[in-house]
Amino acid sequence: MTYARRHQVEPGTVLDGQGPSSRVPPSRGHVVHLGGRRQNTAPAQPPARDARAHQAFLDRVVDYLSTDRGVRQFIDWGSPVPGTAERIRRAHPDNSVVHVAPHGTVGMLSSPDTPVLSGGAENAETPLRRLTTCGLVDFDEPVAVLMTRPFNAHTPPPGLTRLHSLMHGGGYLALAVDAPERAAEQVFDPFVPLEPGLADLRWWPYPDEDVAMEGTGVLGGLGRTHRN
């Protein structure tokens, strides 16, 4: 998508009928645990690398999905920065959020009064099973999964094929990859990447070749199901 600079778009439009516009929206007790062990305190975790860039990337993803695609159900699957649920709810008052929090982060990155499924990124089967039975996610309607804890392209998140098959009503998957773009080309499979594919978190949805500023070194992107 080298057209990102050649074509000027107004806020709220969709590039090429597929990808998001480049606008950046303003950002926005107890936790209900659905299975798993209750954790009252979380051990200290290192801050996410380039946390502000990651938060801004999530802002753009959530705004595009909520405003331009009408998605109302979001699953925050291990976001490494806090405040994701608040941003999702600010994007539209009808948006709902369920956290899938890696072990050790429950209570630190999860939002108060937001349901949480605790589980590690190494095994997706248990959280996926709970998501289908908890009654909080309707997979017959569009669902967006924010799986943006950066992973290595050689060890992509497990369960993507199963996740794709569950999305009977269509849906989207946001990913972050800490790897060179060439090595990360197939990370969305079986999801279909939206243009421009993977680009640095700092400037997505502009493709890398269209931006001169220094990046974070972490790639981000958005994919869709074949049903969209």
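The values are calculated or read from the model by the stated rules, or taken from the named source; none is laboratory data. This one's a predicted model, so the numbers in the text were calculated from it and none came from an experiment. Here the Cβ positions follow ideal geometry from the backbone for every residue, glycine too, while neighbour counts run over all protein chains shown. SASA here: full protein model, heavy atoms, side chains in, ligands and nucleic acids out. Shrake-Rupley method; radii C 1.70, N 1.55, O 1.52, S 1.80 Å.
Out of curiosity, is residue 36 assigned to a loop (DSSP other than H, G, I, E, B), at pLDDT 95 or above and closer than 23 Å to residue 96 by Cβ? Let's see the steps before the verdict.
Values: assigned to a loop (DSSP other than H, G, I, E, B): yes; at pLDDT 95 or above: no; closer than 23 Å to residue 96 by Cβ: yes.
Criteria not met by residue 36.
Name every residue in the stretch 145-180 that is assigned to a helix (DSSP H, G or I) and not hydroxyl-bearing (Ser, Thr, Tyr), in order of residue number. Spell out how you get there, then give the answer.
Of the stretch 145-180, the ones assigned to a helix (DSSP H, G or I) are 160-166.
Once the filter is applied, which keeps residues that are assigned to a helix (DSSP H, G or I) and not hydroxyl-bearing (Ser, Thr, Tyr), the stretch 145-180 yields 160, 162, 163, 164, 166.
Among (1) over 18 Å from residue 221 (Cβ atoms); (2) surrounded by fewer than 20 Cβ atoms within 10 Å (Cβ to Cβ); (3) modelled with pLDDT under 90; (4) of a type outside the set (Val, Ile, Thr), there is one condition residue 101 misses while meeting the rest; what is its number?
That leaves (2) as the condition not met.
Please determine, by comparing only the residues of the stretch 207-228 that are under 16 Å from residue 52 (Cα atoms) and crowded, with 16+ Cβ neighbours inside 10 Å, which one is modelled with the lowest pLDDT. Can you show your working first?
So the first thing to find is which residues in the stretch 207-228 are under 16 Å from residue 52 (Cα atoms), and the list is 213-220.
Cutting the leftovers down to crowded, with 16+ Cβ neighbours inside 10 Å gives us 215-216, 218-220.
On the way: 215: 84, 216: 89, 218: 91, 219: 91, 220: 93.
Only one residue fits best here, namely 215.
Tell me yes or no: at least one residue of the stretch 119-142 is assigned to a strand (DSSP E or B) and crowded, with 20+ Cβ neighbours inside 10 Å.
If we filter the stretch 119-142 for residues that are assigned to a strand (DSSP E or B), which is where we start, we get none.
No, there is no match, as no residue in the stretch 119-142 is assigned to a strand (DSSP E or B) and crowded, with 20+ Cβ neighbours inside 10 Å.
How many of the residues in the stretch 181-198 are in contact with a helix residue (DSSP H, G or I) (Cβ under 6 Å, 6 or more places away or on another chain) and part of a strand (DSSP E or B)?
0
Condition (residue is open to solvent by 30 Å² or more (accessible area, probe 1.4 Å), in contact with a helix residue (DSSP H, G or I) (Cβ under 8 Å, 6 or more places away or on another chain) and farther than 21 Å from residue 79 by Cα) applied to the stretch 199-206: is it met by at least one residue?
yes
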